[in-house]
Amino acid sequence: FLSAQWRGLNDGVRGAADAIVLATPPGERHTLGLHMAAWVVALTGARVVFLGADVPMEEVAFATHCHQARGAVLSVAAGYCGDLSAELRALAAHVPRSLRIAVGGAGSLRTGNEQVLNSLLDLSEWAAG
């Protein structure tokens, strides 16, 4: 249901400058929060580039480059067992400092310049900005 909602909104958005890449880090297989985030991002008028679950940070960085994205969102569930700090450092090493990075979900934490979003309203404001 959620996928159909955000994909329908995404169909009308064409501008590369409006792209935001969404993924979960390596080892994170839960995508419900990611689909909710995609729906919120699409509601702001941004173009969703949905990579899905268990994505290496080099792939996230590559997608931000290919789509000239203005941001990247990572969704992390409470049970995430990976090293989020290391994954965020890896992402930051492969993207320009100007790229906005946000992390959300019950397993999220702040380790650097990324923004931790604690609600879908926070995500909406971040994506619109």
- If VAL60 passes every condition in (1) surrounded by 15 or more Cβ atoms within 10 Å (Cβ to Cβ); (2) closer than 22 Å to LEU121 by Cα but one, which one does it miss? (2)
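What tally of residues in region 34-55 results from selecting those that are of a type in the set (Gly, Ala, Ser), under 13 Å from LEU74 (Cα atoms) and surrounded by fewer than 21 Cβ atoms within 10 Å (Cβ to Cβ)?
Total satisfying the criteria: 2.
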- In this structure, does SER75 turn out to be open to solvent by less than 60 Å² (accessible area, probe 1.4 Å), under 14 Å from the mean Cα position of the chain (by Cα) and not hydrophobic (A, V, I, L, M, F, W, C)? yes
- Considering region 102-129 alone, what residues qualify as being surrounded by fewer than 21 Cβ atoms within 10 Å (Cβ to Cβ) and part of a strand (DSSP E or B)? GLN115, VAL116
- Which condition breaks for ALA38 when tested against (1) under 16 Å from LEU84 (Cα atoms); (2) assigned to a helix (DSSP H, G or I)? (1)
- Residue list for region 19-33, restricted to those being among the charged types (D, E, K, R) and surrounded by fewer than 18 Cβ atoms within 10 Å (Cβ to Cβ): ARG29
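Regarding ARG89, is this residue assigned to a loop (DSSP other than H, G, I, E, B) and open to solvent by 80 Å² or more (accessible area, probe 1.4 Å)? I'd like the intermediate steps shown before the answer.
Numbers: assigned to a loop (DSSP other than H, G, I, E, B): no; open to solvent by 80 Å² or more (accessible area, probe 1.4 Å): yes.
When the stated conditions are applied, ARG89 does not pass them.
The values are calculated or read from the model by the stated rules, or taken from the named source; none is laboratory data. Remember, predicted model here, so these are calculated numbers, not experimental data. With ideal geometry, Cβ positions are generated from the backbone for all residues, glycine too; neighbour counts draw on all protein chains shown. Areas reflect the complete protein model, heavy atoms only, side chains present, ligands, DNA and RNA absent. Shrake-Rupley method; radii C 1.70, N 1.55, O 1.52, S 1.80 Å.
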